[in-house]
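Chemist: Pasting a structure here, questions to come.
The values are calculated or read from the model by the stated rules, or taken from the named source; none is laboratory data. In this text the structure is predicted, and so the values were computed from the model without any measurement. Cβ: placed from backbone, ideal geometry, glycine included. Neighbour counts: every protein chain shown. Quick note on the areas: whole protein, heavy atoms, side chains included, nothing else; ligands and nucleic acids left out. Shrake-Rupley method; radii C 1.70, N 1.55, O 1.52, S 1.80 Å.
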Amino acid sequence: MKRKSQRESGSPSGTLSALSLAHGKRVRLWRLLYGHGPANGTLMVLPLDQGLEHGPADFFPHPPAVDPDYQFRLATEGGYSAIALGVGLAEKYMGAYAGRIPLVLKLNGKTNIPDDAEAVSPALASVEDAVRLGADAVGYTVYVGSPRQDDELREAGRVRQECERFGMPLVLWSYPRGRAIDERGGKGSLYAQDYAARVALEVGADIVKLHEPTKANARVPEPYRSLREPHEASVRRVVRSAGRVMVLFSGGEKDDDEARVLARVRLYMNAGATGVMFGRNMWLRPLDDALALTRRVHNILARHAR
Amino acid sequence: MKRKSQRESGSPSGTLSALSLAHGKRVRLWRLLYGHGPANGTLMVLPLDQGLEHGPADFFPHPPAVDPDYQFRLATEGGYSAIALGVGLAEKYMGAYAGRIPLVLKLNGKTNIPDDAEAVSPALASVEDAVRLGADAVGYTVYVGSPRQDDELREAGRVRQECERFGMPLVLWSYPRGRAIDERGGKGSLYAQDYAARVALEVGADIVKLHEPTKANARVPEPYRSLREPHEASVRRVVRSAGRVMVLFSGGEKDDDEARVLARVRLYMNAGATGVMFGRNMWLRPLDDALALTRRVHNILARHAR
Amino acid sequence: MKRKSQRESGSPSGTLSALSLAHGKRVRLWRLLYGHGPANGTLMVLPLDQGLEHGPADFFPHPPAVDPDYQFRLATEGGYSAIALGVGLAEKYMGAYAGRIPLVLKLNGKTNIPDDAEAVSPALASVEDAVRLGADAVGYTVYVGSPRQDDELREAGRVRQECERFGMPLVLWSYPRGRAIDERGGKGSLYAQDYAARVALEVGADIVKLHEPTKANARVPEPYRSLREPHEASVRRVVRSAGRVMVLFSGGEKDDDEARVLARVRLYMNAGATGVMFGRNMWLRPLDDALALTRRVHNILARHAR
Amino acid sequence: MKRKSQRESGSPSGTLSALSLAHGKRVRLWRLLYGHGPANGTLMVLPLDQGLEHGPADFFPHPPAVDPDYQFRLATEGGYSAIALGVGLAEKYMGAYAGRIPLVLKLNGKTNIPDDAEAVSPALASVEDAVRLGADAVGYTVYVGSPRQDDELREAGRVRQECERFGMPLVLWSYPRGRAIDERGGKGSLYAQDYAARVALEVGADIVKLHEPTKANARVPEPYRSLREPHEASVRRVVRSAGRVMVLFSGGEKDDDEARVLARVRLYMNAGATGVMFGRNMWLRPLDDALALTRRVHNILARHAR
Amino acid sequence: MKRKSQRESGSPSGTLSALSLAHGKRVRLWRLLYGHGPANGTLMVLPLDQGLEHGPADFFPHPPAVDPDYQFRLATEGGYSAIALGVGLAEKYMGAYAGRIPLVLKLNGKTNIPDDAEAVSPALASVEDAVRLGADAVGYTVYVGSPRQDDELREAGRVRQECERFGMPLVLWSYPRGRAIDERGGKGSLYAQDYAARVALEVGADIVKLHEPTKANARVPEPYRSLREPHEASVRRVVRSAGRVMVLFSGGEKDDDEARVLARVRLYMNAGATGVMFGRNMWLRPLDDALALTRRVHNILARHAR
């Protein structure tokens, strides 16, 4: 798929106009929103942090995916807005694709081997690494509500300050996690996702990655437990709680039903999301299938210029 | 409500005269006390840290409040002394209001998801961020009596030193919290609030945010348990324990009875407080109601020039 | 009481002669020992860290004492060698007394709300703060024997290094504390106080604040448990263990019997102490009583020129 | 055995060509891959960190091995690619061999005295030490899956950044370890080794030291538990998961059966490994035996020019 | 006893020749080995860290020893190679002896009040303090095998780096300690001391202080449990495990039987030790007795020029 160089939105000030942005951050966000991918103020990001977060097991359904070159090829041929991965992968695989696909350098990460009761995600790279590698944004995970949230939030604050210094946009993986989250109905609930959206706004993210909220259960706190609203309204509520932070929804586990995948994209965009960050739902398919699905996502996003 | 540019007190040296202040701190405190809000040496601050501290649930009673623009509008139209919020909100929403309302940049914060037995509030921003954003003070929470008080106090000490360096006033949210506080009668007792007031004085705050003390209970330590004094005297006692630190009382949960809200303001001002920091009691009302209530608080404060 | 400007000792080299001192430290110690207070090589220091360490409850027996101005007035009118308090009090109350009374800036402190099993005292201010405020010494608490002694001692080491850098004398509150101390007979025993005295010498204090040792009990370790010696000998033993570190004895809780208070002063001075640091036993009395008692302590110290 | 100065591979760009390398790193990797040892793009490294990791007990089977001079002699006479050891050994024993054998300075390490449930390996030396000592790479252990993985990974990230700064290759000892690993079938399983290989790639290692995977057991997670594939395929799988990170397999405990040792070397090289890091299997033999076995390993590696 | 200025060994390159030493370190080690004490490449060091490590109780058997001047007098009159003590004692007592006795500044230390299950020894002073005080080496304790060994080893690594920077020799108190050591037969066993010797070599010490190994017991791990060798061989084994690190054996508790003390010195020197570090066995005797015993140790060391 050819990279779209023409802007599809009337003006780049669409999404960016409401924000007072440092020059470097404006340049880099413009590149993500209007210089690559749908190039109309929406975002389609291909993430590849699963090898670290879940282990190589995630590649078993489609073995070629274990080679990061596969994802780089998909990201460039599919015309994604950016590829999001860690420093080891960027340094070893980006060379051949340099300049062709923006990089969101994921700074922190962890294995899923110890349990998540006290989840914490350590930094493996710095904003300075991102600058050195020519990245257009950094990605950072915060485990919202973890017993170690003080370390998580303090560190996120430091990363944000480094981002200010270098004019680097901050993409926050705002993930409810930990013992207290489990006790309150789990990480997927509207309660948890809605709080996570606000946390992203409060800590100063530019873009936030969230999950589609699931139904409430008995352990979810009030007023969420008693809340009755259509699912679409819940998705919209989460987007609204993020305020001027652009929302990307995560793809989660692979779904073989492509129609369902596309329906979710439509749901998110109608709810006001800026885009999607789908990994396994893309790169666990053969390249041609993945490119075809990517094109269909492109078509949806094309109808939601921001 | 028009911003009062005339000073209502005879002299700005009213509140500030007893203190040896670095030049920058004097300039900024003057702006808060005599340049905005009642402008007579009293303070009326609008806080918006509840989205992080309690989650979006706090906005449910009045949904427009989820958009920080609402609070900025109320703060400017209502002629507040300052708006107090975190770095994410300041960066994304203050642009349109720059210069019209002083900013108290709240540096630390946390979610209420893990329980408060070992409460600790991590810094999300620095005094340097506050300088960069043009703030006139920083806000900082200390959990008095928490098992992790050593981290809390040490960090507060570092923030105070940065404040000295930049001439930045320090507003301390001095909040009793943690397992040992619960065992001694809870965070609201006179014992706890009186101690919190003194802690603010000891660590070098310029302004302290406290809660109106509640009645003693059987678990409160002596001599507070046996103390018999009118409620007004208890409020005055807390103000006196803060010494030359200016005291703001918190509004707490929304009270639909406006007369009761105003009676509390009178109680605080008669007890020697410098002002109030009411959030939910203001921005959980429709804008016109909130502005009307704000005007009535203004009228009370106007009678207490310092 | 008029400040004695004449030195009462034959030579200031009395106490200071045995020590190789950096110039700044010599200047500041001279000011404490021969420039103020008894001015004969002894010390009478008025401490005011109880508001933080114990809370405002300590001021209940004599309510005017809650206003730090009261202690400043007593310290200057009573001709004390120095007043010892924290950064918040120094910054807000010292202005009117600047130059009239030397300041020992107490750098660390904590509330007594969490229990002391793992006591640790965090720094609220730095040696640089002390320099900025014109202090003649810094005060620092070390909880000897606490399970967190590694943090305590490491931090004390850093403070001592900063003291070297600025020529600032170090007054150590050497306080046995924590679970292991309780198991070994408590913080007041000769065993505990004797060890605390040596720790002060080992870590490089210039002056140490200790408590008068209490009688041994069954849980005290050998050889202290079996030791039989007159109480005077025990006090002398503690002073001797501190070596060339000058010893101040603490006053502890208020004793209404003034004769007993004065007898203790005599006991300490006869045992070789450099002086006393009495707080509640002074400022919990009406000003005239406190000044009268102060004069009588002066008279005792006048007989022990060092 | 004479050091081979001729390159046996057609071009040094064999192994290095796919990577975008900083100049210094390219120089140093070239020296390891083509300047010493087999000099054909493969690696034969002699490690000596067992004295710290296991204690002197490891030398009991062959007492002369307790003297590090023995390993230096073997490494130089045997024509190894490098010797890998810590800062104490390098400083005290390398003098006589300087320039004759590249050094991989092992930066971190620990004793095996406390159990490994919460394994963590502290740094004893820095990348700057490695530069000062003329090392051609640094070695660093990460305990994958340890409850303290956040400290482990964060620290590895810092070391990698220092490596970038100095153009120093990073050899990662990627070792599954800790309570959660034990609960999931132990450190030797394909599950654990495969994950460890990917972690090395993700954190930015240049070379990784792994162990030959053992058979699955009932506690190993899916999909590994149900996986049925020839052992050779499992070894190849691990190499593939490491991507462009060069894989060295560890020797582990001494095996008296030399044929079996050599069969393992063949297995690894056929599976795509870059080489081996055999310690006890070499230096627990008399020098002549060790040199003879080394020659036979050389012969195998000579057939796998990269 | 006159200080021997003549070197008794043929050449100072005796002990130092095998090592590649930075200039400053060579100068300082020469001063210790050939400039003072036996001055023949052996060492006789007088330690005084017991006041901190064990408390003043250690001085009870010979009360004058509580005054550090006593040890300084013994060290200079007895012609010791160095006196080893902490920063507080050095600063307050060394003035009168400056230049007459080399100083080993002991950087870290702790009280024995909390139990040793998780032993850790915090730094009270820095290598820079040692430089400032004119020391010829620093002393540093590492608790080998402690659950907190990561802190211990990391910190020792930092101290070593500072030593490199300033050309300062590092004397390591390599002490097995902690819960896991107790479970494996205790701190005195050959297993523990042998491991401690190797750790000193691995971390880069120049000199190590060890204890004479005791007999094995049932809890000691293999192969040590089954090891049968003469006691002399065990002492020699420990010395050999330390490699090119010079070994000093500790004196431990006072032994009234002087012949037994001297026999131990002979045992150590015959086993290859560089010398002894005897404290209580020296300074718990009246000065004349201590000097006489010192002379007899001198005579033994004179027969072991290195």
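Chemist: Which of the residues belonging to the stretch E:85-123 are part of a loop (DSSP other than H, G, I, E, B) and within 17 Å of the chain's Cα centre (by Cα)?
Modeler: Passing the criteria: E:86, E:101, E:102, E:107, E:109, E:110, E:121.
Chemist: Could you check the stretch D:43-52 and list, in sequence order, the residues that are surrounded by fewer than 24 Cβ atoms within 10 Å (Cβ to Cβ) and facing another protein chain (nearest Cβ under 9 Å)?
Modeler: Residue satisfying the conditions is D:49 alone.
Chemist: Quick one: residue C:218 ticks every box in (1) at pLDDT below 95; (2) within 13 Å of chain E (Cβ to nearest Cβ) bar one, so which box is it?
Modeler: That leaves (2) as the condition not met.
Chemist: Across the stretch A:59-68, what is the number of residues that are open to solvent by 30 Å² or more (accessible area, probe 1.4 Å) and either facing another protein chain (nearest Cβ under 10 Å) or modelled with pLDDT under 95 (or both)?
Modeler: Of the residues in the stretch A:59-68, 4 are open to solvent by 30 Å² or more (accessible area, probe 1.4 Å) and either facing another protein chain (nearest Cβ under 10 Å) or modelled with pLDDT under 95 (or both).
Chemist: Residues that are without any contact (Cβ under 8 Å) to a residue 60 or more places away in the chain and in contact with a strand residue (DSSP E or B) (Cβ under 8 Å, 6 or more places away or on another chain), at least 2 per element: which helices (runs of 4 or more DSSP H) completely within the stretch D:253-306 meet that?
Modeler: D:258-270
Chemist: Looking at the structure I just gave you, is residue C:296 among the basic types (Lys, Arg), open to solvent by 50 Å² or more (accessible area, probe 1.4 Å) and out of contact with any Lys or Arg (no Cβ under 7 Å at 6 or more places or on another chain)?
Modeler: For residue C:296, the condition - among the basic types (Lys, Arg), open to solvent by 50 Å² or more (accessible area, probe 1.4 Å) and out of contact with any Lys or Arg (no Cβ under 7 Å at 6 or more places or on another chain) - is met.
Chemist: Checking residue D:187 against (1) out of contact with any Pro (no Cβ under 6 Å at 6 or more places or on another chain); (2) at pLDDT 95 or above; (3) of a type in the set (Lys, Arg), only one condition comes out false. Which one?
Modeler: Only one criterion in (1) out of contact with any Pro (no Cβ under 6 Å at 6 or more places or on another chain); (2) at pLDDT 95 or above; (3) of a type in the set (Lys, Arg) is unmet by residue D:187, namely (1).
Chemist: Residue A:56 is checked against (1) open to solvent by less than 10 Å² (accessible area, probe 1.4 Å); (2) within 20 Å of the chain's Cα centre (by Cα); (3) not basic (Lys, Arg) and fails just one. What number does that condition carry?
Modeler: Only one criterion is unmet by residue A:56, namely (2).
Chemist: Which pairs do you get when a residue that is closer than 11 Å to residue B:144 by Cβ, found in the stretch B:172-191, comes within reach of a residue that is buried (at least 24 other Cβ atoms within 10 Å of the Cβ) and at pLDDT below 95, reach meaning Cβ atoms under 6 angstrom, with the pair 6+ apart or on two chains?
Modeler: B:177/B:119; B:178/B:119
Chemist: Shifting gears a bit: On the basis of being of a type in the set (D, E, K, R) and surrounded by fewer than 24 Cβ atoms within 10 Å (Cβ to Cβ), does residue A:236 make the cut?
Modeler: yes
Chemist: Inspect all residues belonging to the stretch C:17-25 and state whether any of them is surrounded by 24 or more Cβ atoms within 10 Å (Cβ to Cβ) and either closer than 30 Å to residue B:150 by Cβ or free of Cβ contacts under 8 Å to residues at least 24 places away in the same chain (or both).
Modeler: Checked the stretch C:17-25: no residue is surrounded by 24 or more Cβ atoms within 10 Å (Cβ to Cβ) and either closer than 30 Å to residue B:150 by Cβ or free of Cβ contacts under 8 Å to residues at least 24 places away in the same chain (or both).
Chemist: Ok, one more. Quick check on this structure: which one of B:230, B:176, B:169, B:223 is more than 7 Å from chain C (Cβ to nearest Cβ), at negative phi and surrounded by fewer than 24 Cβ atoms within 10 Å (Cβ to Cβ)?
Modeler: When all the criteria are applied, what remains is B:230.
Chemist: Could I ask something else about it? Considering only residues that are among the small types (Gly, Ala, Ser) and closer than 14 Å to residue E:135 by Cβ, look in the stretch E:76-87 and name the one that is nearest to the other protein chains (Cβ to nearest Cβ).
Modeler: E:86
Chemist: For the stretch A:104-147, how many residues are open to solvent by 10 Å² or more (accessible area, probe 1.4 Å) and of a type in the set (Phe, Trp, Tyr)?
Modeler: Matching residues across the stretch A:104-147 total 0.
Chemist: A further question follows. For residue C:99, only one of the following conditions fails: (1) at pLDDT 95 or above; (2) surrounded by fewer than 24 Cβ atoms within 10 Å (Cβ to Cβ); (3) more than 8 Å from every other protein chain (Cβ to nearest Cβ); (4) more than 21 Å from residue C:174 (Cα to Cα). What is its number?
Modeler: Condition not satisfied by residue C:99: (1).
Chemist: Hey, residue B:40 hits all of (1) part of a loop (DSSP other than H, G, I, E, B); (2) within 14 Å of chain C (Cβ to nearest Cβ) but one; which does it fall short on?
Modeler: (2)
Chemist: Would you check if there is a residue in the stretch E:251-265 being at pLDDT 95 or above and under 21 Å from residue E:200 (Cβ atoms)?
Modeler: Within the stretch E:251-265, one or more residues are at pLDDT 95 or above and under 21 Å from residue E:200 (Cβ atoms).
Chemist: Just one of the numbered conditions (1) closer than 22 Å to residue C:164 by Cα; (2) facing another protein chain (nearest Cβ under 9 Å) is not true of residue C:115; which one?
Modeler: Among (1) closer than 22 Å to residue C:164 by Cα; (2) facing another protein chain (nearest Cβ under 9 Å), residue C:115 violates only (1).
Chemist: Shifting gears a bit: Could you identify the single residue in E:56, E:38, E:47 that is at pLDDT 90 or above and more than 30 Å from residue E:204 (Cβ to Cβ)?
Modeler: The match here is E:56.
Chemist: Same structure again: Mind listing whichever residues of the stretch B:129-151 are within 17 Å of the chain's Cα centre (by Cα) and within 14 Å of chain C (Cβ to nearest Cβ)?
Modeler: Result: B:140, B:142, B:143, B:144.
Chemist: Let me ask something else. Out of the residues in the stretch D:179-215 that are in a loop (DSSP other than H, G, I, E, B) and crowded, with 23+ Cβ neighbours inside 10 Å, which is farthest from the chain's Cα centre (by Cα)?
Modeler: So, considering only residues that are in a loop (DSSP other than H, G, I, E, B) and crowded, with 23+ Cβ neighbours inside 10 Å, the one farthest from the chain's Cα centre (by Cα) is D:204.
Chemist: Inspect all residues belonging to the stretch E:220-236 and state whether any of them is part of a loop (DSSP other than H, G, I, E, B) and among the polar types (S, T, N, Q).
Modeler: Yes, that holds for at least one residue.
Chemist: On to the next question. Working only within the stretch C:152-166, note down all residues that are open to solvent by 10 Å² or more (accessible area, probe 1.4 Å) and more than 19 Å from residue C:197 (Cα to Cα).
Modeler: C:158, C:161, C:162, C:164, C:165, C:166
Chemist: Do we have residue E:76 as under 17 Å from the mean Cα position of the chain (by Cα) and modelled with pLDDT of 95 or more here?
Modeler: no
Chemist: Moving on. I need the full set of residues from the stretch B:240-263 which are open to solvent by 20 Å² or more (accessible area, probe 1.4 Å) and within 14 Å of chain C (Cβ to nearest Cβ), in order please.
Modeler: Hits for the stretch B:240-263 are B:240, B:243, B:244.
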